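The values are calculated or read from the model by the stated rules, or taken from the named source; none is laboratory data. Just so it is clear, the model here is predicted, and its values are computed rather than measured. Heads up, the Cβs are rebuilt from the backbone with ideal geometry, glycines too, and the neighbour counts pull from every protein chain shown. Heavy atoms of the whole protein, side chains included, go into the accessibility calculation; ligands, DNA and RNA do not. Shrake-Rupley method; radii C 1.70, N 1.55, O 1.52, S 1.80 Å.
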Amino acid sequence: MNTRFKAVIFDLDGVITDTARYHYLAWKRLADSVDAPFDEAFNEQLKGVDRMGSLDLILARAPRAWTPEEKLALADAKNRHYQELIATMTPDDLLPGALRALEEVRNAGLKIGLASVSKNAFTVLDRLGIRNRFDDVVDAATIRNSKPHPEIFLTAAAHLGVAPQDCLGVEDAAAGVASIKDAGMVAVGVGDPAVLYRADRVIPSMLHFRLADY
Ligand code: BG6
Ligand code: MG
């Protein structure tokens, strides 16, 4: 396989597995409980954004202000609901094409990284049975700045020992694509080209991921 890249760094939620749907469901219930408007279009702004950042975006649309203690309780409630939803996940919950993509990258001799701002990333990887397929995992515990800041992709590249310009990043969120591009990498968007307009190429699903296309 001829490729100019030395590493591929994948996002988790919405790229490897459909946990983006579970985050949506959990945030929707939380937003309804505080009378904040919430729909799929608004949810796009939350994808790739960490837990408290997402909560702040939701509460900015709620009819009243919330104390820091109340905010922590709301974030905990959302996370408990999310953890209930992921508790039954199995390797069957890998998105179609995701495993094949990981195998293609591995067989091409490239390093494989994971960049997720989720504090549940390792739990999800373990439920899917794929933790050992990654040379490095950067999650919320390692970084200070959530996506769209480039820190998480830059940290993954540094851990892999690969220069950012030799990395391909794969993301389903606008904030994630911004993080990849501002890290100086090539970005693959998975989803809607109108949302992921900063990506170098957008594919409708991981079934369409081919290393040779980049
Ligand atoms: C990202 C998701 O991967 O992780 C966001 O795209 C989510 O929707 C964020 O809010 C934080 O996840 P967690 O599991 O730490 O609440
Ligand atoms: Mg994602």
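Observations on the model:
- Selected residue (criterion: farthest from ligand 2 (Cβ to nearest atom)) from residues of the stretch 144-168 that are open to solvent by less than 70 Å² (accessible area, probe 1.4 Å) and charged (D, E, K, R): Asp166
- Residue that is assigned to a loop (DSSP other than H, G, I, E, B), within 16 Å of the chain's Cα centre (by Cα) and closer than 22 Å to Met206 by Cα, where the choices are Lys147, Lys119: Lys147
- Listed conditions (1) farther than 16 Å from Arg80 by Cβ; (2) of a type in the set (Gly, Ala, Ser); (3) touching a Leu at 6+ places or on another chain (Cβ under 9 Å) are all met by Ala60, apart from (3).
- Among (1) more than 15 Å from ligand 1 (Cβ to nearest atom); (2) in a helix (DSSP H, G or I) - the single one Ile58 does not satisfy: (1)
- Within the stretch 4-16, considering residues that are more than 10 Å from ligand 2 (Cβ to nearest atom) and buried (at least 17 other Cβ atoms within 10 Å of the Cβ), the one nearest to Gly113 (Cα to Cα): Ile9
- Of all the listed residues (Leu30, Leu55, Leu95), the sole one being modelled with pLDDT of 95 or more, within 16 Å of ligand 2 (Cβ to nearest atom) and either crowded, with 16+ Cβ neighbours inside 10 Å or more than 30 Å from Cys167 (Cβ to Cβ) (or both) is Leu95.
- Residue match in the stretch 128-143 (condition: under 19 Å from Val188 (Cα atoms), modelled with pLDDT of 95 or more, open to solvent by 10 Å² or more (accessible area, probe 1.4 Å) and polar (S, T, N, Q)): no
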